Amino acid sequence: MRHGWRDTVRAAADMALLGFLVTGAALPVVTAGAAVATGSAAIRHHLDHDTWPAPQACLRTFRRALLPGLAASAAAVLLVALVIVDVLALRSGAVPGAPVLMVPLLAVAAAGLGFAGLLAVAASGPAPLATARTMARPAPLAAATAVVMLTLLLAALVHPVLIPPLIGYGLFALHVLARRTGATVPGCEQPASTSPRSRTAPRSRS
């Protein structure tokens, strides 16, 4: 199906609105994980069916993701804190060979952000952590890392009011890249279309 420029503009506006909704739902902080999971599930539904899920379905997804999202948010905060502590220790010169160790540390931190992006994609399906581990092959992980780092860079450069749309665009880009690199979430594969020729009835014998 071909899409015109109006469809592109409409999709961009929808993703921006989704980013504002995710940001608003994440403001209490403890609901950040559930907000991202709900936004990811909405994008998955949109990519699968070309429609947005009903508000009731989004609310059910949000409720189911509250506790797992809280655990994921706590783990993310802990990992970020550890990276910050390590970077400060290396910059202070307390560790021998600090300039050399800084590069692999930042590379591992970036890969961790990429894995978090894959986890956000996997959050729209069953068993998010196991699915994210399955998806974390070199190509999907590198693509997700690039998307997350670019999103963070743009968020640091633009006006704060433009950060929520970036969240929506970033989630959408993660889903698209995960599908194009073969790291699909279980259950999101499109059923094979059957052409009219394949459904033709067998010829009757005269």
Cβ pairs under 7 Å, 6+ apart, first in the stretch 140-152 and free of Cβ contacts under 8 Å to residues at least 24 places away in the same chain and at negative phi, second open to solvent by less than 40 Å² (accessible area, probe 1.4 Å) and in a helix (DSSP H, G or I): 151/166; 151/170
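Filter the stretch 15-30 down to the residues that are part of a helix (DSSP H, G or I) and aliphatic (A, V, I, L, M) and list them by number. Explain how you work it out, then say what you get.
As a first pass, look at the stretch 15-30 and keep what is part of a helix (DSSP H, G or I): 15-26.
Of everything in the stretch 15-30, those that are part of a helix (DSSP H, G or I) and aliphatic (A, V, I, L, M) turn out to be 15, 16, 17, 18, 21, 22, 25, 26.
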From the list 123, 110, 116, 94, which one is farther than 21 Å from residue 64 by Cβ, in contact (Cβ under 8 Å) with a residue 24 or more places away in the chain and not polar (S, T, N, Q)? 110
Are any of the residues in the stretch 31-38 over 17 Å from residue 170 (Cα atoms) and open to solvent by 50 Å² or more (accessible area, probe 1.4 Å)? no
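I'd like the residue in the stretch 78-91 that is free of Cβ contacts under 8 Å to residues at least 24 places away in the same chain and open to solvent by 50 Å² or more (accessible area, probe 1.4 Å) and, out of all such residues, is nearest to the chain's Cα centre (by Cα).
Of the residues in the stretch 78-91, the ones free of Cβ contacts under 8 Å to residues at least 24 places away in the same chain are 78, 80-82, 84-91.
Still in the list and also open to solvent by 50 Å² or more (accessible area, probe 1.4 Å): 78, 80, 82, 84-86, 88, 91.
Working: 78: 20, 80: 18, 82: 23, 84: 23, 85: 26, 86: 26, 88: 29, 91: 32 Å.
Among those that are free of Cβ contacts under 8 Å to residues at least 24 places away in the same chain and open to solvent by 50 Å² or more (accessible area, probe 1.4 Å), it is 80.
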Residue under question is residue 129, and the condition is that it be in a helix (DSSP H, G or I) and either open to solvent by less than 20 Å² (accessible area, probe 1.4 Å) or modelled with pLDDT of 85 or more (or both); does it hold? no
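Counting only residues that are open to solvent by 80 Å² or more (accessible area, probe 1.4 Å) and not hydroxyl-bearing (Ser, Thr, Tyr), how many does the stretch 1-12 have?
The first filter runs over the stretch 1-12 and keeps only residues open to solvent by 80 Å² or more (accessible area, probe 1.4 Å), leaving 1-3, 5-6, 8-10.
After this cut, where a residue has to be not hydroxyl-bearing (Ser, Thr, Tyr) as well, the list is 1-3, 5-6, 9-10.
Residues that pass the stated criteria total 7.
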Run residue 15 past the list (1) under 21 Å from residue 112 (Cβ atoms); (2) open to solvent by less than 60 Å² (accessible area, probe 1.4 Å) and report the number of the one that doesn't hold. (1)
With the condition kept exactly as written, say whether any residue in the stretch 34-44 is under 16 Å from the mean Cα position of the chain (by Cα), more than 22 Å from residue 160 (Cα to Cα) and among the basic types (Lys, Arg). yes
Of all the residues that make up the stretch 48-60, how many are touching a helix residue (DSSP H, G or I) at 6+ places or on another chain (Cβ under 7 Å) and open to solvent by 90 Å² or more (accessible area, probe 1.4 Å)? 0
Would you list the helices (runs of 4 or more DSSP H) that sit entirely within the stretch 31-114 and hold 1 or more residues that are under 25 Å from residue 138 (Cβ atoms)? 32-49, 66-91
Looking only at the stretch 61-77, decide whether some residue is at pLDDT below 90, surrounded by fewer than 12 Cβ atoms within 10 Å (Cβ to Cβ) and within 24 Å of residue 161 (Cβ to Cβ). no
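The values are calculated or read from the model by the stated rules, or taken from the named source; none is laboratory data. Everything numeric here is computed off the predicted structure, so don't read it as measured data. Backbone-built Cβ (ideal geometry, glycine too); neighbour counts: all protein chains shown. The accessibility values were calculated without ligands, DNA or RNA, using every heavy atom of the protein model including side chains. Shrake-Rupley method; radii C 1.70, N 1.55, O 1.52, S 1.80 Å.
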